Amino acid sequence: MTFVVTDACIKCKFMDCVEVCPVDCFYEGENMLVIDPEVCIDCGVCEPECPPEAIKPDTEPGLEKWLSLNAEYSKAWPNITQKGTPPADAKEWDGVEGKFEAHFSPNPGTGS
Ligand code: SF4
Ligand code: F3S
């Protein structure tokens, strides 16, 4: 079991999650983060830190797509352990539907 980042993170990218993770298992894409499922220890500390509630335990039904996306991109993107500056319009994207289809970027972030 692991926690996973879902599409609610896209273009919000608040990064409060990275500050609390005891095993530094967040990885940064251009406009979202993912968790490395092989490193996450399932502590659940990050889940309540995320304003758009993008982080879910993979025991919830229907999260297979996000689990495989987290596994794939945690191998491709740089590690991030410190909160950076969220996008200026982050709050406007909180709760917007269909962000994956319209806005997912496979490009890496800068990490920190
Ligand atoms: Fe890190 Fe714990 Fe969140 Fe896993 S559940 S990503 S170990 S804070
Ligand atoms: Fe994304 Fe939430 Fe972290 S918006 S960057 S999962 S705090």
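Points worth noting:
- In this structure, Asp16 does not satisfy being out of contact with any strand residue (DSSP E or B) (no Cβ under 7 Å at 6 or more places or on another chain), closer than 16 Å to Ala71 by Cα, more than 9 Å from ligand 1 (Cβ to nearest atom) and open to solvent by 10 Å² or more (accessible area, probe 1.4 Å).
- Scanning the stretch 83-101 for residues that are exposed (fewer than 11 other Cβ atoms within 10 Å of the Cβ) and farther than 18 Å from Tyr73 by Cβ turns up Thr85, Ala88, Asp89, Glu97, Gly98.
- Inclusion of Trp77 among residues that are open to solvent by less than 30 Å² (accessible area, probe 1.4 Å), touching a residue at least 24 places away in the same chain (Cβ under 8 Å) and under 19 Å from Gly111 (Cα atoms) is warranted.
- Scanning the stretch 53-71 for residues that are free of Cβ contacts under 8 Å to residues at least 24 places away in the same chain and either open to solvent by 60 Å² or more (accessible area, probe 1.4 Å) or part of a strand (DSSP E or B) (or both) turns up Glu60, Pro61, Glu64, Lys65, Ser68.
- Residue count, the stretch 19-52 (criterion: of a type outside the set (Asp, Glu) and buried (at least 20 other Cβ atoms within 10 Å of the Cβ)): 13
The values are calculated or read from the model by the stated rules, or taken from the named source; none is laboratory data. None of the values given here were measured: they were computed from a predicted structure. Don't worry about glycine lacking a Cβ; one is built from the backbone with ideal geometry, like all the others, and counts go over all protein chains shown. Side chains included, ligands, DNA and RNA excluded: accessible areas come from the protein's heavy atoms. Shrake-Rupley method; radii C 1.70, N 1.55, O 1.52, S 1.80 Å.
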